[in-house]
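The values are calculated or read from the model by the stated rules, or taken from the named source; none is laboratory data. Bear in mind the structure is a predicted one, so any value in this text is a computation, not a measurement. Virtual Cβ from ideal backbone geometry, glycine too; neighbours counted across all protein chains shown. Protein only, heavy atoms only, side chains kept; ligands, DNA and RNA dropped before computing areas. Shrake-Rupley method; radii C 1.70, N 1.55, O 1.52, S 1.80 Å.
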Amino acid sequence: MLSSFLLRRHLSFSGISPTFHDTMEPFHRQLELRFRILVGVWNRIRQFSSSSSTSKLDFMDLTHPHTWYPNARRKSRKVIMHVGPTNSGKTHHALKRLESSSSGIYCGPLRLLAWEVAKRLNKANVPCDMITGQEREEIDGAKHKAMTVEMADVTSDYHCAVIDEIQMLGCRTRGFSFTRALLGISTDELHLCGDVSSVPLIQRILKVTGDDFEVQYYERLSPLVPLNVPLGSFSDIQTGDCIVTFSRRQIYKLKRQIENGGKHLCSVVYGSLPPETRTRQATMFNDATSEFDVLVASDAIGMGLNLNISRIIFSTLKKFDGIEERDLTVPEIKQIAGRAGRFGSKFPDGEVTCMNVKDLPLLHSSLKSPSPVLERAGLFPTFDLLFMHSRFHPTKSLYQMLEHFVDNAKLSSNYFIADCEEMLKVAAIVDELPLGLHDKYLFVISPVDMNNDISSQGLIQFAQNYAKKGIVRLREIFTPGTLQVPKSHTALKELESIYQVLDLYVWLSFRLEDSFPDCELALSQRAICSMLIEGFLERGGWRQPMASSVPSRISSTSLLSQSNKQDL
């Protein structure tokens, strides 16, 4: 249930009885063009094929996904795989090649990484656009792009491309995006950066593409030393330490315990923090002149942030993964532990230990063990396949089609069908609305956490309003001027969820520009959310505000003025 606080002050999600809107809005133009092409293909199939031959068309056959990308197959790509542990320089070498190329594209798993690479190239006088699902920063004359992997461009030709953290093609939910980039980017050179565990799988996948393939191995640039003793007590915390735990509540509990000792102030980093907040928290920790000299973080530090960490301290080696509490895997432990020590920083040599002595054996054995070899890469049917399937099965809902692909798709031994549980939840909702397949598909692939009440209700309201009127005004569910610095865990979680709803509106506005016209308002309110969360962090959670802190009951109007001054 949504809190009455939210219903009253921020997000008034109401039930709407949608009416059919049959006007075609000028949205998502590439998808619409593709849709019309597919309609033509369907008509030709129907015209020139007998009913007996069309019945033999098998849209469940996903055994040759490399054929989905003819642009890339026309290229004789040179694929160079850079593999090694954290802090080995593998990504640096790939980016140097990207920097020296006449045109190029970088694809990473996080918005923070796309920001960082775009900033790096532009600083090197290589104009580079930054493109994620929620941001567009275009530079005049740019022939390079830095983007999140889901935004990978498989229609243009490039001289050089880099896919970072390529081992994520084995991720059960996002792996298919890395597979799409691997098979689909049309480039002369393709540089893959990641863990050695993915090498055999990628070799097998690329065997049928005709690409030239080589592997370059890297060693860690500075030592990582596993300690033989646990932390002991919080009095032993030192400048440059990072304590790792796996829940928001535990992060703030540890932050409070450390700061109560009076020697250190803690920055925090975890997944549901807005990316801007994570970046600023990391910047404070990295700043040698800052009072925030200790970091308390989740496994969100495993990638995407450059951090000057001297010692990683695991508070636990167990995490809840949404289904059960389990031990961290070998790759997870190595990825997190490897963030200690950074070549060229104040702490080039890294150390790693645990808070509890009972966790040391698992830590030590994991660091000595090779990561399990990846066996399969994620795959998911393209919109093209779903569309063609829908023409042969016009009575099937999108939910039924997705479920049918999951249950019946034919795959080679190199692939698995991605977990689409979140997509199915959205499909069940949009199937009840008078929307076309391309509209439904857009909502299904949108970035929404359906396990979060506020985030899911935001998507429902947006989809219902779009189905009813074809236009969605942000003020219909959000009242500017009501946000405040949170004073509790519950209020903090709610504000983070509101940020997600605003982020979703921005994502939809980039694809349905005419139907979601309040992008600027959403961006400004999203920036305010981030500032208010930082206000909470500056107060240390529940301590009284310091002189420099954001007031606890300041209106979003004045904060908007502040955010404009700071170019947020």
- Task: Kindly establish whether L113 is in contact with a helix residue (DSSP H, G or I) (Cβ under 8 Å, 6 or more places away or on another chain) and closer than 30 Å to E520 by Cβ.
- Result: no
- Query: D407 versus (1) open to solvent by less than 70 Å² (accessible area, probe 1.4 Å); (2) free of Cβ contacts under 8 Å to residues at least 40 places away in the same chain: which is the lone unmet condition?
  - Reply: (1)
- Item | Those residues of region 300-331 which are of a type outside the set (A, V, I, L, M, F, W, C), open to solvent by 50 Å² or more (accessible area, probe 1.4 Å) and outside any loop (DSSP other than H, G, I, E, B), in sequence order | K318, E325, R326, D327, P331
- Residue count, region 176-208 (criterion: assigned to a helix (DSSP H, G or I), farther than 17 Å from V373 by Cα and polar (S, T, N, Q)): 1
- Message: Step by step: first the residues of region 337-358, then only those that are in contact with a Ser or Thr (Cβ under 9 Å, 6 or more places away or on another chain) and of a type in the set (A, V, I, L, M), then the one that is farthest from I301 (Cα to Cα). Which residue is that?
- Response: M355
- Query: Among P370, P394, P361, which is the only one that is assigned to a loop (DSSP other than H, G, I, E, B), closer than 30 Å to G302 by Cα and open to solvent by 60 Å² or more (accessible area, probe 1.4 Å)?
  - Reply: P370
- Message: Quick check on region 290-297. Is at least one of its residues closer than 24 Å to D164 by Cβ and in contact (Cβ under 8 Å) with a residue 24 or more places away in the chain?
- Response: yes
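So, in region 287-299, of the ones that are of a type in the set (A, V, I, L, M) and either crowded, with 21+ Cβ neighbours inside 10 Å or assigned to a strand (DSSP E or B) (or both), which residue ends up nearest to the chain's Cα centre (by Cα)?
The extreme case among them is A297.
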- Exclusive hit being open to solvent by less than 50 Å² (accessible area, probe 1.4 Å), part of a loop (DSSP other than H, G, I, E, B), under 30 Å from C519 (Cβ atoms) and touching a residue at least 24 places away in the same chain (Cβ under 8 Å), set V154, V162: V154
- Item | Meets criteria (without any contact (Cβ under 8 Å) to a residue 40 or more places away in the chain and either open to solvent by less than 60 Å² (accessible area, probe 1.4 Å) or in a helix (DSSP H, G or I) (or both)) for G262 | no
- Could you list, in sequence order, the residues of region 92-123 that are in contact with a Leu (Cβ under 7 Å, 6 or more places away or on another chain) and buried (at least 24 other Cβ atoms within 10 Å of the Cβ)? G104, Y106, V117
- Give just the number: which of (1) in a loop (DSSP other than H, G, I, E, B); (2) touching a strand residue (DSSP E or B) at 6+ places or on another chain (Cβ under 8 Å); (3) open to solvent by 50 Å² or more (accessible area, probe 1.4 Å) does A142 not satisfy? (3)
